[in-house]
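One structure is given here, and the rest of the page talks about it.
The values are calculated or read from the model by the stated rules, or taken from the named source; none is laboratory data. What you see is a predicted model; the values in this text were computed from it and never measured. Backbone-built Cβ (ideal geometry, glycine too); neighbour counts: all protein chains shown. For the accessible areas, the whole protein counts, side chains as well, though only heavy atoms, and no ligand, DNA or RNA atoms are used. Shrake-Rupley method; radii C 1.70, N 1.55, O 1.52, S 1.80 Å.
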Amino acid sequence: MGASLLLAINVALGVAIMVSFLAFGLFDRNQKPALWWFAACIAGVASGLIEYSMPPLEYTAIARFAIYACFAVCLSCISIGLWLRYLRRVPVLPITIVFMAAIVSYALISELPRGSLLRAFVYQGSYSTIALVGVAAVWRGMDRSALDRTLLAVMLLFALNFLMKPPIMVLLGGNGGLAQDYLATDYAMVSQTMMAIVTILLAFALGLRTMADILGTIQKRSDIDRLSGALTRDAFHREVSRSLWQADRERTPKALILCDLDHFKLVNDTFGHQVGDLVIAQFGALLESFRRPGDVVGRIGGEEFCILLSRCDEGTARLFAEQLRSTFESLDATGGRSAHRCTASFGVTEMRPAEAFEAAFSRVDKALYEAKSAGRNCVRLARPDIDDQDAEAGGAVEPDALQKRRSFRVVGRTQG
């Protein structure tokens, strides 16, 4: 009766977990792994229900195969979900081969005595192999976070759980002479207890992973400016901090570009805010098309954008800004509603090693002001002189040197 109760508890757990993963999948349609884990729960519950109803069944051979096949499907769905989550793809052929090998293995050992150690190892080993396919996905795609390490450990324990059952079966006197006798054995009691424990742990780990992914998606959505597609101001500063830390650790150059749309208030006043929004959206799309992996783009004001270029010196940054400027000038930013061509002004500076973002931003902001004062639709490069670096390092600086702080060199051309 004890093993039957534990089996019923396992089935109930499966139903509860199934509902949870269904809710995750429906809440966020990007959570396709959760839907696969929902399918795994369905197959697992089906396997448990058939096993629970074994005694009254007449065709026990068919029932035993159904139990085995349903649970193999359950484990395969878990592995598929893990591959989708960690590697964004499903190795269809390998998973199909492993699953079919499990089915064939069952057919080969189905007529062996139930108490046979070989039968038990093949039976449980097939389950373990399917679970290890999921372990491989976590191992290859994990980011070494505590959550991923925990899930990897739980998946390994889950796979090991099946390999532990054959020796336990022998130690406890077997799994019953007939399939109907299984639930009355001590082995069934221990096996169902082990299964309940690892199921709870795995469900908890997968649930936490899914919740973390959903929260991450929500956070990303709140970090994106809906109009321009660039990062919001706060999100931009967070990403800049991470990027600068990485650049300083790798000792790679980085540059800062500050850009502002010219006469944007006039666009709003002349054509309306709908056209103004269209101009912001088009400029944001242009920035996204120019952005390279590792670059950080943010909308830090109404019509003001900032770009942190990774692995980029001042010469490359200047060319980057010039290409942005000329491309934007050539666009019909008003969507054909007017012959008016919108333009933008740019300030550019290369950041020094370990320089604070605030210092570089102050410098590039003055470069943008120079571009505005020079007639707009142009690029200005801010280059801190050596005396400026010495001052920030705490060295002695002559009074006339202080007056030369943040000198500027004009580049590009003025377009009125």
- Determine whether segment 223-239 contains at least one residue that is surrounded by fewer than 20 Cβ atoms within 10 Å (Cβ to Cβ), among the polar types (S, T, N, Q) and assigned to a helix (DSSP H, G or I). no
- Note on the structure: residue 144 vs (1) in contact (Cβ under 8 Å) with a residue 40 or more places away in the chain; (2) part of a loop (DSSP other than H, G, I, E, B); (3) of a type outside the set (Asp, Glu): all pass except (1)
- Within segment 350-377, track down each residue that is open to solvent by 50 Å² or more (accessible area, probe 1.4 Å), modelled with pLDDT of 90 or more and at positive phi. 376
- Task: Mind listing whichever residues of segment 240-280 are assigned to a helix (DSSP H, G or I) and in contact with an Asp or Glu (Cβ under 6 Å, 6 or more places away or on another chain)?
- Result: 264
- Task: Could you tell me which of the residues 102, 146 is closer than 22 Å to residue 202 by Cβ, open to solvent by 50 Å² or more (accessible area, probe 1.4 Å), modelled with pLDDT of 90 or more and within 38 Å of the chain's Cα centre (by Cα)?
- Result: 146
- Query: Among the residues of segment 220-253 satisfying the criterion of being under 26 Å from residue 343 (Cβ atoms) and of a type in the set (D, E, K, R), which is modelled with the lowest pLDDT?
  - Reply: 226
- Message: Quick check on segment 189-199. Is at least one of its residues at pLDDT 95 or above, out of contact with any Ser or Thr (no Cβ under 9 Å at 6 or more places or on another chain) and crowded, with 16+ Cβ neighbours inside 10 Å?
- Response: no
- Close pairs from segment 277-296: first in contact (Cβ under 8 Å) with a residue 40 or more places away in the chain, partner open to solvent by 30 Å² or more (accessible area, probe 1.4 Å) and part of a helix (DSSP H, G or I), Cβ under 6 Å, at least 6 apart: 296/239
